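Okay, so here's the structure we're looking at.
The values are calculated or read from the model by the stated rules, or taken from the named source; none is laboratory data. Source: prediction; values computed, not measured. We place every Cβ from the backbone using ideal geometry, glycine too, and count neighbours over all the protein chains shown.
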Amino acid sequence: MEIEQRQKITQRVTLTGAAVNCVLAILQISFGLLGKSQALLADGFHTLSDLSTDFIVLYASRRAAKAADDDHPYGHGRIETLASLMLGAILLMVGVGIGIRGFESMLNPQNVDPQAITIVFAFLAIVAKEGLYQYTLRAARATHSSMLEANAWHHRSDALSSVVVVVGISTQLLGVPYMDALAAMIVAVMISIMGFRLGRKALHELIDTGLDTNLVEEVRVAMLNHASVVGIHNLRTRSMGGLGYIDAHIEVDSNLTVSEAHYIAHRIEHLVKKQFPKIIDVQIHIDPLDDTIKESVLAKLPERSTIERDLEAAWDGIAERTQITQTRLHYLDRLIEIDLILPASMCSPEHKTGIARLQSGAKNLEYVDKVNIYYVE
């Protein structure tokens, strides 16, 4: 899914939630005053405060959708992660606040006489908040947005707090004051656990914790299924705003051209993004040899400038060396394989001896394993 489309979905869902919260808060506060229900009135102000979290989501989604720039080469997705952390913290504080109020009510029960009509609006709040939870959670799963997921659970926490209001009003009407406080404390624990989990998930993103191990293994298998891939190593993953980022080294045939290897990398990148919508960025490093021996190979084998100088010395006095149009180097396990490209006109008996001397001269170098001769028009 494109970043722009993801932002549009996030804004649509959040604006819908803000509109519902605004209407619901007005109804709860109004009928809390008219119906003399402190619980419904408090829940109304709680709903009104939720508008602040909606604005946090709107701001974060707009900022996170900005394209990468010089100061933020990996984009602005971390803003979503920070917003998720904030929403988790808000949920945790809401849970603690409800728990404290419930504990105080249990210690100091008060006789209130709310009107029965207030239960209707408490039920309305439950239905509205649960609907927002389901709506927002579906959007979070479609966009793989941890921020929307956090906001969805915030709606669920509001629904649970409204359940407390229903229980509190009902039991108060029945003359059982302690049930209101007990229900409030149970819901407070549930909300606090939600906030803690969401905050922990966001914190893990901030420290670049890898993606789910099952997802990573599925990605590895998908890469290995490509016919040109010999092996995979250094597969690293991280999450940003609920989206996945992957870096991987893939091993391919050492005789492939640079352009073909580049094409393979692009094909694998396209394959992974198409098969796993949560993965938004794939960086492929092409490797013609195993990284376990790479350091020793690079330490022993010379670079092109040194090789060309050694070849010039080895070919001193061989006339055919001036006809070489291209020299290709293949850094293999522990030795180098060389391809010499010559004009097709050199494929004749009079040049056979000279070309053989080119091969033997190059093979006499201690780091050269094989010399191949190719003729081109």
Residue check, E149 assigned by TED's automatic domain parsing to the domain that holds Q275 and in a helix (DSSP H, G or I): no
Consider S228 carefully, then state whether it is outside any strand (DSSP E or B), loosely packed, with under 13 Cβ neighbours inside 10 Å and out of contact with any Gly (no Cβ under 7 Å at 6 or more places or on another chain). no
Filter the range 287-301 for residues that are part of a loop (DSSP other than H, G, I, E, B) and hydrophobic (A, V, I, L, M, F, W, C); which is modelled with the lowest pLDDT? L289
Residue that is surrounded by 12 or more Cβ atoms within 10 Å (Cβ to Cβ), hydrophobic (A, V, I, L, M, F, W, C), in the same structural domain as V221 (by TED's automatic domain parsing) and at pLDDT 90 or above, where the choices are I280, I284, I341: I284
Which number in (1) surrounded by fewer than 17 Cβ atoms within 10 Å (Cβ to Cβ); (2) modelled with pLDDT under 90; (3) part of a helix (DSSP H, G or I) marks the one condition that A261 misses? (1)
Of everything in the range 178-206 that's β-branched (V, I, T) and at pLDDT 75 or above, which residue is nearest to T81 (Cα to Cα)? I193
Could you grab me the full set of residues in the range 38-62 that are at pLDDT below 70 and more than 15 Å from S157 (Cβ to Cβ)? Q38, A39
